[in-house]
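No value in this document is a laboratory result; all are computed from the given coordinates. All figures in this text were calculated on a predicted structure; none of them were measured in a lab. Reconstructed Cβ throughout: ideal geometry from the backbone, glycine too, with neighbour counts over all protein chains shown.
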Amino acid sequence: MLRNLVRTFESALKLQSARSNACLPLNAVVRSHRTLFTEQLEENATINAKKSLFTSSATNESDNEYVQKPYSTENETGTKSSVLISALRERFRLTDTEAERIMSDELVHRSYRNRSLTLTLDALQLEGVSKRSFLEYPWLLTLDVKRLEQKMQLIKSMPIRDINHFVPFLRLTLPRLRKLVSALNKEMDTIEHGNRVYYISEKLQVAPELVTKYLSKRLFILEMPFDMFEKNLQHMIDYNVSPLNILKDLWAFRYTPKSVQLRLERAKRAKKDKIMPWMVRCPEPILQRSLKLSLDELRVLGKFSSVAEYMADRLGFSVQETKAIMDKHPQVHTVRVTKIKEVLDYLLNDAQFSRFEVAQVPRILCHSLKTTKARMEELKSIGCRPSSLVIVCRSKREYEKFLQYWMSLTGTHRSSVNNKSELNSS
């Protein structure tokens, strides 16, 4: 019975609690739902903000991998030279020798301490200037960046195939370059290949960068009347003047085509084996002497076509053996055959040296014949007949030392020798 009363009391309490909850105001219930909804929105916003922050951070990191920031001198660490060498190696993979070649340039050596040259390096690299151009013209690094941009615009206004073909012109002042480009652009439609640089390159069959290397020092070639230039160039090609010799000596183009052709024809008739541009512009006496020497050489050679064949006949060796003898002292190859004839005549006929003694010391053919005769007479006067021609070719100091040694052995004095020679001459 007591248990039934307790159960009835608990049931009454539960019923009373349910009724009190059912009587709560509607706005309170709505407020509680709104609070929960607001908290949920705030939580979602926080999560989205974190996601957005993470996404933007990831995007920035991704962009930094592809967008290159401008070079800043504030990032440089170390000495000025080490910074420049490091930049060159990073961009062109230079060897130590190549880096030293650039750094030893006078303009680079004077400039890298005062200002950063890396900005100019990057600007030129963006324009397409190659490693080869930097090695050929290290002064490119010293150009002012602002003026460099203007110079590049001028050069690119011409019909060019590669910026490296016209790199030497960057050394010109801005007004001078502007004048030159203006003159070249006027001929754009009238000259084959677009301008004179490519015209010369095609005519001489050489690289355009080699043409501008020499033309940048002789700009009058690009500004002189084209008809005169074209005729002179054709004359030199017709007379087999070497393309490299033409580019190295451009002063011959200042002369009229008629005088150029006349000089070249005279050189050809004298059978010059190598016609040079200086023959066009040299004074008349020098040209006459050069042509006379050529004719004398032809007279000495006679039936032989080379100096080696002539020497082989004089010394009694084969041509191959004679070439090997000449190779022992390579300077012999540059000696005129007229001088070789005079030296051989004296040594073989007058001094009575054998052909083997001459072949052992080919250097004697390069030695002054006047000095050789004087020394042989002096040695003969003290009773010395050298077993080798080596002592005759020695320097003055070594020759005097040998004389002192010989006279100490024989007890002869130079004063008595001189007196004896004076008596003989009287």
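Take Glu297, Glu98 and order them by how many other Cβ atoms sit within 10 Å, fewest up front.
With the fewest neighbours first, Glu297, Glu98 line up as Glu98, Glu297.
What FRET efficiency comes out for Glu98 versus Met188 if R0 is 30 angstrom and r is the Cβ-Cβ distance? Round to the nearest 0.05.
0.25
What list do you get for Met311, Met279 if you sort them by fewest beta carbons within 10 Å?
Lowest count first: Met279, Met311.
What is the Rg over Rh value, at two decimals, for the stretch 132-184, using alpha-carbon atoms and the Kirkwood definition of Rh?
Rounded to two decimals, Rg over Rh is 0.94.
Could you give the distance between the Cα centres of the stretch 163-230 and the stretch 82-141, to the whole Å?
26
Need the full-extension length gain, Ile160 to Glu230, defined as separation in residues times 0.36 nm minus the C-alpha distance. One decimal, nm.
23.1 nm
Any lysines with Cα under 18 Å of the Lys179 Cα? List them, leaving off those in the same chain fewer than 8 positions away.
Cα-Cα hits under 18 Å: Lys151, Lys156, Lys217.
Of the chymotrypsin sites (Phe, Trp or Tyr not before Pro) in the stretch 101-205, which ones lie in a loop per DSSP and count no more than 12 other C-beta atoms within 10 Å?
Filter output for the stretch 101-205: empty list.
Set the Förster distance to 25 Å, then compute FRET efficiency between Ile237 and Arg176 from the Cβ-Cβ distance, nearest 0.05.
Taking R0 as 25 Å, the efficiency between Ile237 and Arg176 is 0.25.
Can you pull out the GluC sites (Glu not before Pro) in the stretch 191-293 whose DSSP state is coil and whose Cβ has at most 15 other Cβ atoms within 10 Å?
Answer in residue order: Glu192, Glu223.
Taking the beta-carbon count within 10 Å as an exposure proxy, list Phe304, Phe229 from fewest neighbours to most.
Listing Phe304, Phe229 from fewest to most nearby Cβ atoms yields Phe304, Phe229.
With N set to the number of residues, divide the alpha-carbon radius of gyration of the stretch 300-354 by 2.2 N^0.38 Å and report two decimals.
1.07
Taking 30 Å as the cut-off for C-alpha to C-alpha distance, list the pairs among Lys231/Lys268; Lys268/Lys323; Lys339/Lys380; Lys213/Lys339; Lys186/Lys271; Lys213/Lys258 that go past it.
Those over the limit are Lys213/Lys339; Lys186/Lys271.
Between Arg132 and Arg281, what is the FRET efficiency for a Förster distance of 35 Å, r being their Cβ-Cβ separation, to the nearest 0.05?
E(calc), rounded to 0.05, equals 0.60.
Would you calculate the separation in nanometres between label points at Asp273 and Ser259, each defined as 7 Å from the Cα along the Cα-to-beta-carbon direction?
3.1
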